[in-house]
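Report on one structure; see the data block that follows.
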Amino acid sequence: SAGCVVAEHDAIITIEPNVANCGQLGNTFVVNVMNDVNSSDDIFEVRIYSGTYGIEKFECGPAPEGWSLYDFTSQYGYCEYKTSWNGEYVIKPGEDVDFTFDAKMWSEACYSEFLISTLDNNRPVGEHEYNWPHVKIDCEPPLVIKTVGEPKVKAEDFDWWITQDTIITVEASDSPEDNECNLGLDYCQWRYRVDDGNWTGDWSNHFERF
């Protein structure tokens, strides 16, 4: 009769960074594997599969302490990390371990999806669990528009003469094109100077969402 297999562990997977800007398409990524505190068994094997889309290069990172790396990227497209199924380095419920890999993204892609599998030490064969974390890719710079209000006087060698009463408006938005990866803006940075003097120290951040 047909049936189903219930995993004996619950793996909580996070990947950082989870956004790759265009100048950072080649990154070392950290995969954190946490075994949920309510899991019944320990995790002793982790596989990280190359992204299914948007990947130009994929390389395994070194094994954590007490684990061994088996590099199957050329044959099967994944990095396998394994420790003794009943040893001291297993990921017990409530514990976590970091694994790393290097990848270079396509600038034309909006995201890359990775497959992470974990295997527990439930006997006789253990149970697999699968997770599909995403890394978003953003290669389009934001659109920034500066508007100088009144009072102002047109200058010869630069844009405008202004006063302390002049209102300057800055509008910023992510790419307006439907076919671009519109991830939004986290903040804007600004600073100013007077009559070619020194800039006003560090950048000031505007943290409201746009």
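The values are calculated or read from the model by the stated rules, or taken from the named source; none is laboratory data. On a predicted model such as this, the values are computed, not experimentally measured, just so you know. Reconstructed Cβ throughout: ideal geometry from the backbone, glycine too, with neighbour counts over all protein chains shown. Each accessible area value is taken on the protein alone, full model and side chains, heavy atoms only, with ligands, DNA and RNA left out. Shrake-Rupley method; radii C 1.70, N 1.55, O 1.52, S 1.80 Å.
Odds and ends about this structure:
- Spin-label model, Lys57/Glu150: points 7 Å from Cα along the beta carbon direction are separated by 5.7 nm.
- Percent accessible area from carbon and sulfur atoms, the chain, protein chains only, probe 1.4 Å: 48 percent
- Lysine pairs meeting the criterion (Cα under 18 Å, 8 or more apart or interchain), as found in the chain: 5
- Packing-based ranking of 110-123, 187-200 yields 110-123, 187-200, ordered from highest to lowest mean Cβ neighbour count within 10 Å.
- Radius 9 Å from Cβ of Glu80, net charge of other residues (Lys, Arg +1; Asp, Glu -1): 0
- When all protein chains stay in place and ligands, DNA and RNA are ignored, the 1.4 Å accessible-area order of Glu8, Glu95, largest first, is Glu95, Glu8.
- Kirkwood-Stokes translational diffusion coefficient of the chain, alpha-carbon pairs, 37 °C, 0.692 mPa s, µm²/s: 157 µm²/s
- Per residue, region 74-151 exposes 54 Å² of solvent-accessible protein surface, assessed with a 1.4 angstrom probe and all protein chains in place.
- Here the peptides 154-160, 166-172 are ranked by packing, the mean other Cβ count within 10 Å, and the order with the highest first is 166-172, 154-160.
- When the surface is traced with a 1.4 Å probe over the full set of protein chains, Tyr89 keeps roughly 80 Å² accessible.
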